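Read through the structure below, which is laid out as structure tokens, and then see the notes.
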Amino acid sequence: MTVYSWNMLFNNKRLDEALAFIRDANPDVFCLQEVPEEFAAQLKSLPYSYVAAPEVDRIFDGERSTQYVVILSKFPIRAEGRIPLPYREPHLKRRSRWFVSFMMRMKLWELGLSDRHAIFADVVTPHGPVRIFNVH
């Protein structure tokens with residue numbers, strides 16, 4: 001079984017090339033992270049079973065957007081689920097909180113507005129079911 005995992009980078013400017021790569025790569029399963037909302041809609045047109053969940057809402061350079069985690073499978077998907085992942089860690093040490101604040105002020109990191117999610121899909125392969133996790 002061939003599985004690709006790819007962090008799309010939420011502000012990827014080469015989405016046409018990315019779509020062509022995904023279409024032509026021919027893996028059994030594709031796990032994608034940071035998928036822009038408009039690109040997630042394009043992925044549904046591919047000949048794959050499709051599972052997605054909002055990964056996070058962000059504000060970056062003043063624009064709000066939702067990114068998704070996506071699983072694409074050549075095989076049928078029998079079941080799917082979400083796993084909530086807290087975005088902020090309240091127990092971070094003070095110096096870590098300062099570092100995060102500095103990185104956001106320098107516009108090197110983005111402001112997350114919601115908790116993250118991971119997903120799983122139960123894929124029905126010719127050799128039996130396989131559970132695939134997609135965790136950023």
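Entry note, the chain: the mean residue ellipticity at 222 nm calculated from DSSP H runs of n ≥ 4, each adding -39500 (n - 2.57), is -6500 deg cm²/dmol after division by the residues and rounding to the nearest 500.
Could you give the length gained on full extension between Asp24 and Glu38, defined as 0.36 nm per residue of separation minus the Cα-Cα distance, in nm? Could the numbers behind the result be given before it?
Details: separation 14, 0.36 × 14 = 5.04 nm, distance 2.00 nm.
Length gained between Asp24 and Glu38: 3.0 nm.
Sequence-ordered 3J(HN,Hα) estimates for the stretch 11-20 from the Karplus curve with 6.51, -1.76 and 1.60 and θ = phi - 60° stand at 10, 4, 9, 10, 5, 5, 5, 4, 4, 5 Hz, glycine and proline given as x. Counting only protein heavy atoms and a probe of 1.4 Å, the accessible surface of the chain is 54% carbon and sulfur. The H on the amide N of Thr125, modeled in the peptide plane, is under 5 Å from the matching H of Val130, each at least 5 residues off or on a different chain. Is the C-alpha gyration tensor of the stretch 1-67 telling us rounded, prolate or oblate? Criteria: a/c under 1.5 is rounded; beyond that, a/b larger than b/c is prolate, otherwise oblate. Judged from the Cα gyration tensor, the stretch 1-67 comes out prolate (a/c at least 1.5, a/b above b/c). Modelled this way, with points 7 Å down the Cα-to-C-beta line, the labels at Ala79 and Val3 are 1.7 nm from one another.
Working from label points 7 Å from Cα in the Cα-to-Cβ sense, the Leu15 to His127 distance is 3.6 nm. Per-residue Karplus couplings for the stretch 67-81, computed as 6.51 cos²θ - 1.76 cosθ + 1.60 with θ equal to phi - 60°, are listed in order as 10, 10, 9, 9, 10, 10, 9, 5, 8, x, 9, 8, 8, 8, x Hz, Gly and Pro entered as x. Under 5 Å between amide hydrogens, built in the peptide plane, is the criterion, and for Glu55 it picks out Gln67, Tyr68, Val69 among residues at least 5 positions away or on other chains. Solvent exposure of the chain, expressed per residue, is 61 Å² of accessible area, with all protein chains present and a 1.4 angstrom probe.
The values are calculated or read from the model by the stated rules, or taken from the named source; none is laboratory data. Since we're looking at a predicted model, the values are computed, not measured. Virtual Cβ from ideal backbone geometry, glycine too; neighbours counted across all protein chains shown. Surface areas here come from the heavy atoms of the whole protein model, side chains and all, with no ligands, DNA or RNA. Shrake-Rupley method; radii C 1.70, N 1.55, O 1.52, S 1.80 Å.
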